[in-house]
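Worksheet: one structure, shown below.
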Amino acid sequence: MPDLRYPIGQFQADLPMNCEARREFLSQIVEAPKRLRAAVEGLSADQLDAPYRPEGWTVRQVVHHMADAHLNWYVRTKLALTEDKPTIKPYSEARWADLHDAIRGSIEPSLLLLECLHERWVLLFGSLSPVDWFREFIHPERGVLTLDATLPMHAWHGRHHTAQIIELRKRMGWT
């Protein structure tokens, strides 16, 4: 049986990066909100409240998690560009997903947030000089990271969670 947590596989760092690879990852980030919206299109409230796997988050929680996670990474990007090797603050993804807004809130605000946020994020990424991509920040759990090293992860994250929803729809016959 396939691992329902990772329908596209676990994240694999695709280093070294170059301009062409960055453009590809940026195009995936541009497309992520549209693909997520398409993945949840037409789902009922009951379907949104179905877990994508046993003991996993509901579709609703996955959508809200995407907005929460990408908002955090956008701020971290800005911090890396405006401060000298800042230490960023991690957050408890699981605890955020258990808050009322993630469990019961409409997904539309998170879908809109992702659309607007990704537009800003890609604009920011597109403005970076070659040196900017090597700006560093410190993640207390992951160590020193560069913007270049995190870009593939952001692109993967959008594909990963969207695939969880798409695979659930296939398994349940919700297509």
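The values are calculated or read from the model by the stated rules, or taken from the named source; none is laboratory data. The structure presented is a predicted model; accordingly, all values stated were derived computationally and were not measured. Quick reminder, even Gly has a Cβ in these numbers, built from the backbone with ideal geometry, and neighbours come from all protein chains shown. Note: areas computed on protein heavy atoms with side chains; ligands, DNA, RNA excluded. Shrake-Rupley method; radii C 1.70, N 1.55, O 1.52, S 1.80 Å.
Worth a mention:
- Among the residues of the stretch 118-147, those identified as of a type in the set (D, E, K, R) and within 18 Å of Leu71 (Cα to Cα) are Glu119, Arg120.
- Residue in the stretch 66-87 that is surrounded by the fewest Cβ atoms within 10 Å (Cβ to Cβ), counting only those that are free of Cβ contacts under 8 Å to residues at least 24 places away in the same chain and part of a helix (DSSP H, G or I): Thr82
- Residues located in the stretch 1-37, provided they are over 20 Å from Leu147 (Cβ atoms), open to solvent by 70 Å² or more (accessible area, probe 1.4 Å) and aliphatic (A, V, I, L, M): Met1, Ile8
- Single residue of the stretch 129-146 satisfying the filter (out of contact with any strand residue (DSSP E or B) (no Cβ under 8 Å at 6 or more places or on another chain) and in contact (Cβ under 8 Å) with a residue 40 or more places away in the chain) that is surrounded by the fewest Cβ atoms within 10 Å (Cβ to Cβ): Glu141
- Contact map, the stretch 88-103: first residue under 16 Å from Trp73 (Cα atoms), second residue of a type in the set (Gly, Ala, Ser) and surrounded by 12 or more Cβ atoms within 10 Å (Cβ to Cβ), Cβ cut-off under 9 Å, separation 6 or more or different chains; pairs are Ile88/Ala80; Tyr91/Ala69; Glu93/Ala69; Trp96/Ala69; Trp96/Ala102.
- Of the residues examined, Val63 is not one that is of a type in the set (Val, Ile, Thr), in a helix (DSSP H, G or I), open to solvent by 20 Å² or more (accessible area, probe 1.4 Å) and modelled with pLDDT of 95 or more.
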